[in-house]
Every structure is written in C-alpha cells, then in structure tokens.
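Each remark here refers to the structure printed beneath this line.
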Amino acid sequence: MRRLLILLLLLAGPASAEDLWNGRTAAFFGLTFIDTSTEGELNGTRADEAERIERAERQAADAFAAHGVELLDLAPVAEDLARIRNPSTCGGCELRMARTLGADYAVVGEVQKVSNLILAMNLYVKEVSTGRQIRGQAVDIRGNTDESWQRGMRYILERNIFR
C-alpha cells in the first residue's frame with residue numbers, strides 16, 4: 001500500500017507542475033529598475049541599462065509563453081499602471097489589475113542597482129484568486145553587463161519559476 005501511494009505521488013508530480021502553467025493567463029507588469037547607486041543619482045538613466053531591462057522582460061515573457069502561459073495585454077489597465085511607480089510594492093494593486101484583466105497570475109519583478117558591480121534581480125508570480133505567491137526568487141548578480149543580466153534572469157526562470 002505504501003509503495004502504491006509513493007508511486008501515485010511520483011506520477012502526479014509532473015502533471016500538476018505542467019498544469020500550473022499550460023493554458024493559464026498572466027498579467028506581466030514588467031521589471032522595475034531601481035538605481036540606488038551614486039552613479040544613478042549623479043548621472044541619471046543609462047541607455048544600456050534601459051535596454052537590459054527590456055531584454056530581461058522579453059526573456060521572461062518568452063519563457064512564460066514557452067511554458068504555455070498567455071501573457072495578457074495590459075492596455076485595459078494602462079491608466080492605473082501609469083500611476084504606479086513599482087507594481088512589486090504597491091500593496092496589492094498588481095492583483096487588482098490582474099483580476100480586472102481576468103488573469104490567473106500576476107507577475108512582477110525588480111532589478112536594483114547598488115553599484116556597477118552589485119545588482120539584485122527578482123521575479124514573483126502571484127495567484128490572483130488567492131493573492132498567494134506561488135513562485136519567486138531574488139538573485140544577486142555581479143557585473144552590470146548584458147551577460148550577467150541574462151544569466152540572472154535565466155537562473156530565476158530555470159531554478160525557481162519553471163522548476
């Protein structure tokens with residue numbers, strides 16, 4: 001009997017992990033860039049960092065699509081979203097907007113630049129119906145380069161979000 005229970009649990013694992021994503025919808029609110037370095041304070045926004053944010057967002061969006069998640073158009077909540085500085089820290093506004101869109105999940109993230117050597121990247125997936133975070137991870141990345149950003153996002157996606 002015990003062996004049968006273990007076998008059933010093993011067989012159920014992959015199917016339920018696949019069910020978590022395939023055929024679901026998500027409102028992906030992008031990545032918020034937070035520059036707390038003195039460089040950012042003195043020099044303002046850098047074009048290369050803005051491009052890295054866009055690439056990291058595409059990398060995440062492509063991964064969700066590859067796992068069968070439909071990313072919803074944010075146009076119906078664009079006015080609300082424009083008033084929000086950071087959807088990751090807005091006290092549940094991301095869930096409210098995702099609910100308005102009819103999404104199963106709300107996806108938010110941040111990249112915080114401490115210096116050109118130290119950055120932190122995070123991505124979180126919340127279930128809209130419960131408000132519960134179902135996946136998410138923060139990683140520190142070293143070096144403010146295209147490669148380090150790509151590697152950081154890939155790590156989050158492969159080791160946590162879609163594990």
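Indicate, rounded to the nearest 5 percent, the antiparallel portion of the DSSP beta bridges found entirely in the chain. Rounded to the nearest five, the antiparallel share is 65 percent.
By how many nm would the segment from residue 134 to residue 61 grow when fully extended, if each residue of separation counts as 0.36 nm and the alpha-carbon distance is taken off? Intermediate results must be reported in sequence, preceding the final value.
Details: separation 73, 0.36 × 73 = 26.28 nm, distance 1.73 nm.
Here the segment from residue 134 to residue 61 would lengthen by 24.5 nm.
Close amide H contacts of residue 35 (hydrogens built in the peptide plane, cut-off under 5 Å, sequence separation of 5 or more or a different chain): 113.
Accessible area per residue for segment 38-141 is 53 Å², calculated with a 1.4 Å probe on protein heavy atoms, without ligands, DNA or RNA. Provide the net charge surrounding residue 46, with neighbours chosen by a C-beta distance below 11 Å and charges set as Lys +1, Arg +1, Asp -1, Glu -1. Residues near residue 46 contribute -3 overall.
Helix 47-66 versus the longest principal axis of the chain: what angle, 0 to 90°, nearest 10, using Cα atoms? Approximately 10 degrees, to the nearest 10.
For segment 32-139, the list of trypsin sites (Lys or Arg not before Pro) that fall in a loop by DSSP and count at most 14 other C-beta atoms within 10 angstrom reads 83, 85, 132. Here the chain exposes an accessible surface that is 52 percent carbon and sulfur, computed with a 1.4 Å probe and the other protein chains kept in place.
Counted by Cβ distance under 11 Å from residue 77, the other residues give a net charge of -1, where Lys and Arg count +1 and Asp and Glu count -1. Taking amide H as placed 1.01 Å from N in the peptide plane, the amide H of residue 118 sits under 5 Å from that of 143, each at least 5 places away or on another chain. Under 5 Å between amide hydrogens, built in the peptide plane, is the criterion, and for residue 28 it picks out 72, 107 among residues at least 5 positions away or on other chains. Within the shell defined by Cβ-Cβ distances under 11 Å, the residues around residue 125 carry a net charge of +1, with Lys and Arg each +1 and Asp and Glu each -1. Which residues does the label zone of residue 162 cover in segment 108-133, counting backbone N under 16 Å from a point 7 Å along Cα→Cβ? 123-125, by backbone N distance to the label point. When +1 charges are put on Lys and Arg Cβ atoms and -1 charges on Asp and Glu Cβ atoms, the dipole computed for segment 70-163 relative to its Cα centre reaches about 340 debye. As an equivalent ellipsoid, segment 54-163 spans semi-axes of 24, 16, 13 angstrom, where each value is the square root of five times an eigenvalue of the C-alpha gyration tensor, largest first.
Per residue of the chain, the DSSP helices (runs of n ≥ 4 H) give a summed -39500 (n - 2.57) that works out to -13500 deg cm²/dmol at 222 nm.
Centre-to-centre, using Cα atoms only, segment 29-59 and segment 72-105 are separated by 20 Å.
The values are calculated or read from the model by the stated rules, or taken from the named source; none is laboratory data. Computed from a predicted structure; not experimentally measured. All Cβ positions, even for glycine, are placed from backbone atoms using ideal geometry, and neighbour counts span all protein chains on display. Calculation scope for accessible area: heavy atoms of the full protein, side chains included, ligands and nucleic acids excluded. Shrake-Rupley method; radii C 1.70, N 1.55, O 1.52, S 1.80 Å.
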